[in-house]
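Asker: What follows is a structure written as structure tokens; I'll ask about it next.
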Amino acid sequence: MLKVANLSVHYGGMQALADVSIVVNEGEILSIVGSNGAGKTTFINAVSGMRNVTNGKIEFLGEDITKISAHDRVPLGIVQVPEGRKLFSLMSVEENLLLGSSHTKAKEKRKETLEYVYQLLPRLYDRRNQVSKTLSGGEQQMVAIGRALMSQPKLLMFDEPSLGLSPLLVKELFQLIKDINRQGVTVMLVEQNVKQTLSIADRSYVLENGHISLSGTGQELLNNDHVKKAFLGM
Ligand code: ATP
């Protein structure tokens, strides 16, 4: 579905990503794990078109999208749940959700998609008129996910969704990601929470200092000595 080849990104003279190549297959949960500053957000932003690339090629469903704007990637089905949620904090839950369906194709199905989101996340229905900034962190993350679903994603990319959530909420969140995936949405999950992420991912890449250092199934990486030492404190 997504094929990224030899991607490099620089911030001025600083290279944040060096020759990164990954493939995401339709229907899977693909994860990219790595510690703080490894380049995870830069990678996701490059795929969504929010960050210009210095080198490399990004193909989505067979089309070269490297030079397509972020705005034009959304209707193709490439949608991001950004790190830190980035809600419009003074707007209500429903207003935030509706913002996700601003491109023509999503607008046409706005009513049905909103019903689907409320069915999947009933707490958002209960709080639909509440101003977003008054929600708990977990509820805000749900709004960010609901808003992304309103865009009708084919590839849904999550940037550190577990950040700042309690262990119980992280468990709920990861279950929700699995449910969304089962309903036909391909998932790219970018996380520092290595153990739980590898447990739910079909395949994973490890990103270290802007390079892919390892790849394999979630289980293979959980059993890998380097992963155990560097990320699992074993
Ligand atoms: P985090 O979990 O902290 O978000 P990350 O793995 O997502 O980490 P990035 O945010 O992609 O990492 O950052 C990769 C590198 O690029 C880091 O060294 C970071 O300091 C640097 N960087 C990120 N954004 C910018 C920017 N706008 N200008 C300059 N350097 C940046």
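Taken together, the values in this text are just the output of simple stated rules run on the coordinates, not laboratory data. Just so you know, these numbers come straight off a predicted model, no measurement behind them. Cβ placement follows ideal geometry from the backbone for every residue including glycine, while neighbour counts extend to all protein chains displayed.
Asker: How do the peptides 191-198, 14-21, 50-57 rank, highest first, by the average count of neighbouring beta carbon atoms within 10 Å per residue?
Answerer: 191-198, 14-21, 50-57
Asker: Same structure again: Rounded, prolate or oblate: which fits the stretch 36-95, taking a ≥ b ≥ c as square roots of the Cα gyration tensor eigenvalues, rounded meaning a/c under 1.5, else prolate when a/b beats b/c?
Answerer: oblate
Asker: Would you list 47, 131 from fewest to most Cβ contacts within 10 Å?
Answerer: Arranged by neighbour count, lowest to highest, 47, 131 become 131, 47.
Asker: Determine the shape class of the stretch 78-134: with a ≥ b ≥ c the square roots of the Cα gyration tensor eigenvalues, call it rounded for a/c under 1.5, and otherwise prolate if a/b is greater than b/c, oblate otherwise.
Answerer: oblate
Asker: Hey, quick one: spin label on residue 176, modelled 7 Å out along Cα-Cβ, who in the stretch 99-129 has an amide N within reach, i.e. under 16 Å?
Answerer: Answer for this model: 100, 114-129.
Asker: Using alpha carbon coordinates only, what is the Rg to Rh ratio of the stretch 37-186, with Rh defined as the Kirkwood radius?
Answerer: In the stretch 37-186, Rg relative to Rh is 0.96.
Asker: Using 0.36 nm per residue, how much length does the chain from residue 50 to residue 95 gain when fully extended, once their Cα-Cα distance is taken away?
Answerer: Additional length available on full extension: 13.9 nm.
Asker: Mind checking the log10 I(q)/I(0) for the stretch 108-234 at q = 0.10, 0.15 Å⁻¹? Debye, one equal scatterer per Cα, no solvent, two decimals.
Answerer: -0.37, -0.76
Asker: Sticking with this one: Once the piece of chain linking residue 168 and residue 23 is laid out straight, how much longer is it, given 0.36 nm per residue of separation minus the C-alpha distance between them?
Answerer: 49.1 nm
Asker: Using r as the Cβ-Cβ distance of residue 8 and residue 213, and R0 as 25 Å, what FRET efficiency do you calculate, to the nearest 0.05?
Answerer: Here the calculated transfer efficiency is 0.95.
Asker: In what sequence do 41, 186 fall when counting other Cβ within 10 Å, fewest first?
Answerer: 41, 186
Asker: Which value in deg cm²/dmol, rounded to the nearest 500, describes the helix-derived mean residue ellipticity at 222 nm for the chain, given -39,500 (n - 2.57) per DSSP H run of n ≥ 4 and division by the residue count?
Answerer: -10500 deg cm²/dmol
Asker: Quick query: amide H of residue 7 versus all other amide H atoms, modeled in the peptide plane; which residues come in under 5 Å with a sequence gap of 5 or more or a different chain?
Answerer: Under 5 Å from the amide H of residue 7: 19, 20, 21, 57.
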